[in-house]
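The values are calculated or read from the model by the stated rules, or taken from the named source; none is laboratory data. These numbers were taken from a predicted model, which means no experiment stands behind them. No Cβ is skipped: glycine too gets one built from the backbone with ideal geometry, and neighbour counts run over all protein chains shown. Surface accessibility is based on the protein's heavy atoms, side chains included, excluding ligands, DNA and RNA. Shrake-Rupley method; radii C 1.70, N 1.55, O 1.52, S 1.80 Å.
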Amino acid sequence: MILEALQYAATRAVTPKEFRPHIRYSVNLWARANRCARAWAEHEDNSRQFVLQSARKLRQKRTAVVLGSGLLRDVPYGALVAMFDTVVLIDLVHLASVQAKLRLNAKKNVRIANRDLSGFDDVLAGRQAEPLDFLRRVPYLDLVVSANLLSQIGTGAHHRLEREKITNARDDLLAKLIQTHLDALAGLPCKACLVTDTSFDVIGRDGSLRQHEDLLHGIEIPSPAAAWEWPLAPFGEESRDYRIMHHVIARELT
């Protein structure tokens with residue numbers, strides 16, 4: 001708890017005011033990632049290897065953008081920094097510990113940006129949402145990675161609807177947000193690759209399925225190039241009686 005409190009305080013000091021409400025989630029994720037490091041290792045390695053596989057196909061390696069860069073555990077940060085002239089990391093929050101790591105980069109070719117990538121406000125208001133339109137203004141863009149972000153767009157929107165007691169949202173708002181992100185990636189004039197969890201199962205000690213949730217709210221992603229399981233919460237993390245297994249896919253969209 002002391003380390004979490006220190007992480008929170010340090011991150012708050014370097015986070016723009018409008019993004020500070022999201023710090024608690026990022027700190028909680030950081031703490032869980034540390035507790036579950038062994039269980040998450042294969043998922044994180046699979047994510048990194050898929051991104052690297054996509055990056056190595058490129059003839060030019062000028063600018064790479066990572067959407068949902070998060071804790072940098074599931075992103076091949078070091079390899080991207082070495083391969084590309086510029087690497088841009090975008091997320092709601094960049095923890096102080098992550099920013100400290102970035103300052104050790106001898107090439108000084110990494111940029112960070114705090115940004116809401118969901119398009120929530122536009123979709124809620126009935127406007128055309130273009131949350132990734134800013135990427136078209138990034139010079140020499142060769143690679144965009146959506147790194148375990150897609151499901152969080154839906155989950156974050158669901159929590160916001162509940163937190164702000166929004167009752168006038170369209171019934172398919174969560175699905176619309178997810179499809180908007182996919183369409184935006186597919187429309188980019190560069191290599192775009194996606195890694196995302198699509199659903200999760202809550203599994204009892206006897207192997208029984210207690211709960212199944214579709215994290216993409218009915219949106220299908222056809223022909224994944226790779227798929228694997230991510231034990232988000234092993235036995236003992238949330239309960240001694242069940243574990244939570246997420247199902248992950250990866251594919252290139254352009």
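Can you name every residue in segment 134-148 that is out of contact with any Asp or Glu (no Cβ under 8 Å at 6 or more places or on another chain) and either farther than 24 Å from residue 59 by Cα or of a type in the set (A, V, I, L, M) (or both)? Answer for segment 134-148, where residues must be out of contact with any Asp or Glu (no Cβ under 8 Å at 6 or more places or on another chain) and either farther than 24 Å from residue 59 by Cα or of a type in the set (A, V, I, L, M) (or both): 135, 138, 141, 143, 144, 145. One residue stands out among those in segment 183-203 that are in a strand (DSSP E or B) and among the small types (Gly, Ala, Ser): the one that is nearest to residue 132 (Cα to Cα), which is 192. For segment 165-182, which positions are of a type in the set (A, V, I, L, M, F, W, C), more than 19 Å from residue 133 (Cα to Cα) and either modelled with pLDDT under 90 or in contact with a strand residue (DSSP E or B) (Cβ under 8 Å, 6 or more places away or on another chain) (or both)? Answer for segment 165-182, where residues must be of a type in the set (A, V, I, L, M, F, W, C), more than 19 Å from residue 133 (Cα to Cα) and either modelled with pLDDT under 90 or in contact with a strand residue (DSSP E or B) (Cβ under 8 Å, 6 or more places away or on another chain) (or both): 166, 169. Listed conditions (1) within 23 Å of residue 249 (Cα to Cα); (2) out of contact with any Lys or Arg (no Cβ under 9 Å at 6 or more places or on another chain) are all met by residue 201, apart from (2).
For segment 235-254, a residue qualifies if it is open to solvent by 60 Å² or more (accessible area, probe 1.4 Å) and assigned to a strand (DSSP E or B), and exactly one does: 243.
Looking only at segment 101-146, residues that are closer than 15 Å to residue 81 by Cβ and under 20 Å from the mean Cα position of the chain (by Cα) come to 8 in all.
A single member of 52, 80, 132 is more than 30 Å from residue 166 (Cα to Cα), surrounded by 21 or more Cβ atoms within 10 Å (Cβ to Cβ), in contact with a helix residue (DSSP H, G or I) (Cβ under 7 Å, 6 or more places away or on another chain) and not charged (D, E, K, R), and it is 80.
Among (1) over 28 Å from residue 139 (Cα atoms); (2) open to solvent by less than 50 Å² (accessible area, probe 1.4 Å), where does residue 35 come up short? Looking at each condition in turn, residue 35 falls short on (2). A Cβ distance below 6 Å, combined with a sequence gap of six or more or placement on separate chains, defines the contacts here; from segment 31-53, residues that are closer than 28 Å to residue 83 by Cβ and among the aliphatic types (A, V, I, L, M) reach no residue that is open to solvent by 40 Å² or more (accessible area, probe 1.4 Å) and in a helix (DSSP H, G or I). When you scan segment 9-28, do you find a residue that is β-branched (Val, Ile, Thr) and assigned to a loop (DSSP other than H, G, I, E, B), even just one? The answer is yes; a qualifying residue exists. Within segment 70-87, the presence of a residue that is of a type in the set (Lys, Arg), without any contact (Cβ under 8 Å) to a residue 60 or more places away in the chain, assigned to a loop (DSSP other than H, G, I, E, B) and farther than 21 Å from residue 33 by Cα is excluded. When residue 153 is tested against (1) within 19 Å of residue 75 (Cα to Cα); (2) open to solvent by less than 40 Å² (accessible area, probe 1.4 Å); (3) touching a Leu at 6+ places or on another chain (Cβ under 9 Å); (4) touching a residue at least 40 places away in the same chain (Cβ under 8 Å), exactly one condition is not met: (4).
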